[in-house]
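Before any comments, here is the structure.
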Amino acid sequence: MNRKPKIENVFLNYWGIWILLGALFIFLIVKIVGDKPLEGEKKEVLETVKAIHFETPDYVGSARCKDCHWREYDAWRTTLHSKFVQLPGEYTVIGDFKINNKLTVKVANKSSKRSGEEVATIMSAKGGRFYVNTIGPDGEFHDYEIIHVIGIGRRQNYITAFPNGEMHVLPVEWDLNTQTWGDYNGMKNNYPGDGEFWSDSGNNWQFRCGGCHVTGLKINYDKDKNSFDSRWADLGIGCEACHGPGSNHVKAASVYFEQEKETIVNPARLPWRLGAMVCGQCHNWGASTAEVSPYKAGFPVRYGFPSGYLPGKALYQHYIPETKEEKKHHQQYNEWQESVHAKAGVMCTTCHAVHPKDTGVQPLGTVAQTKLTQDTLCVNCHQTLQRRGVHRIHTFGSCIACHMPATKGHEHSHTFQFISPEESIRAGGVDKKPNSCSSCHHHKDTPLVNLVEFLDAAKKADMPKPFTVHGK
């Protein structure tokens, strides 16, 4: 027999289900909104975006960089940058301290003591140490021990320290090409107290040179005690000379991984002019915008390097270019600024390799650490060169010899402009102003007038424009 459900039971079952679902919905809402773990999640998010506190970065030394960047470190060790300043030893002192170990000069007539006399500076090695016996600030001979050597490619100089920690470059220089000694701010042209003599306070190495000879220099001069306690992170041009002090980078690499790139400077990623300024901090000539402080009478007024500059900053805010020709030294950046290369954005690292990749060895035959050798580097870009005019008669020559002649000692011009013999004539001779033609062994004794006439003839025979437009 069929039975019909009671109406009240159906009603209760129907609304009972909806009441139960509604209660469950309200419970879930309360649970979601008021759940305590959400606070932990919020805290975790805040910790992720919270600014990381880094202190003012300090130098840690290239050996610390090696821990992670060992390929770059090994490549850098093959460059002359890493060997610019070294401790003295049997493999680093390359001047002759045993046989050809004597330099004799005639004392400058303007000297108030020993004027016109011939004096001899003698180099010696004793028990693994190296000494230079020469005239000091009192006008008398003393033995000065070498504490550091500068250079190992073309020439070598030697640093000594006075009892108060003041450091000076000794008055002898070894030329690797001629294997001879030369006078360097010694008695040949100077004398004690003239301001340029090797031991004068004005020739203090810490103020004049140190900032570009070592990395992370802290001079630490105490005026009250008149003493120096100079320190640095690296001898020579280390990693941080180009990448900036690395203490924060090391910290980020250990703890805050997402901040690694932000805590170090990569010159390759800088805008190209700022990238070139990293090289320009040392490859220039001039003086710091900052004055030497604390100052003592006799000290140079300004540092000989851009004190306060760090990679990534604008160099011109820290450095004043020197315009006097006789003051030129490492003038590559100054001259590059005048060049067409600079206007076109061809910068230092376009041609030079700082730490060559892959092989870890600098390219064959490149003293200047160029990426390719000699003309191969130039024609890699200048592929549309036409063999006309002077280029027609110099197919056997060299781009470097004509467009980058040596204008200051061993340093080559970086204006990349041909220097005409006419400029030497106007300056009063090749010794006053070197030119592109006289630097060639074939033309070294050719009269300057003859060279000018020869060039004029070459231009006139090959160029239909009025001849006069090509002269200067």
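Data for the structure
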read-out	value
Total residues in the range 217-245, condition crowded, with 18+ Cβ neighbours inside 10 Å and touching a Pro at 6+ places or on another chain (Cβ under 7 Å)	5
Residue in the range 437-447 that is of a type in the set (D, E, K, R) and either over 22 Å from Trp285 (Cβ atoms) or not in a loop (DSSP other than H, G, I, E, B) (or both) present	yes
Matching residues in the range 157-190 - criterion: being under 24 Å from the mean Cα position of the chain (by Cα) and of a type in the set (Ser, Thr, Tyr)	Tyr158, Thr160, Tyr184
Any hit, the range 319-337, residues being at pLDDT 95 or above, part of a loop (DSSP other than H, G, I, E, B) and assigned by TED's automatic domain parsing to the domain that holds Ile237	no
Cβ pairs under 9 Å, 6+ apart, first in the range 365-385 and over 23 Å from His283 (Cα atoms), second surrounded by fewer than 13 Cβ atoms within 10 Å (Cβ to Cβ)	Val379/Leu385
Of the criteria (1) over 24 Å from the mean Cα position of the chain (by Cα); (2) surrounded by 14 or more Cβ atoms within 10 Å (Cβ to Cβ); (3) closer than 21 Å to Ser115 by Cβ, which one Glu196 fails	(2)
Test result for Phe305, assigned by TED's automatic domain parsing to the domain that holds Gly153 and under 19 Å from Val85 (Cα atoms)	yes
Elements of type strands (runs of 3 or more DSSP E) in the range 85-156, at least 1 residues being among the acidic types (Asp, Glu) and surrounded by 13 or more Cβ atoms within 10 Å (Cβ to Cβ)	141-145
Leading residue by the ranking (nearest to Cys212 (Cα to Cα)) among those in the range 273-308 that are of a type in the set (A, V, I, L, M) and not in a strand (DSSP E or B)	Val278
Hits in the range 409-433 (condition: surrounded by fewer than 16 Cβ atoms within 10 Å (Cβ to Cβ) and within 27 Å of Tyr184 (Cβ to Cβ))	Gly409, His410, Ala427, Gly428, Gly429, Asp431, Lys432
Residues that are in contact (Cβ under 8 Å) with a residue 24 or more places away in the chain and part of a loop (DSSP other than H, G, I, E, B), drawn from the range 196-208	Phe197, Trp198, Ser199, Asp200, Asn204
Flag for Lys371 being modelled with pLDDT under 90 and basic (Lys, Arg)	yes
Scan of the range 222-272 for residues that are among the basic types (Lys, Arg), assigned to a helix (DSSP H, G or I) and touching a residue at least 12 places away in the same chain (Cβ under 8 Å), ordered by number	Lys251
Answer residue from the range 259-283, given it is of a type in the set (Lys, Arg) and at pLDDT 90 or above and is surrounded by the fewest Cβ atoms within 10 Å (Cβ to Cβ) among those	Arg269
Matching option when the condition is in a loop (DSSP other than H, G, I, E, B), at pLDDT 80 or above and among the aliphatic types (A, V, I, L, M), among Val452, Val354, Val361	Val354
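The values are calculated or read from the model by the stated rules, or taken from the named source; none is laboratory data. Remember, it's a predicted structure, so these values are computed and weren't measured experimentally. Note: ideal-geometry Cβ built from the backbone for every residue, glycine included; neighbour counts use all protein chains shown.
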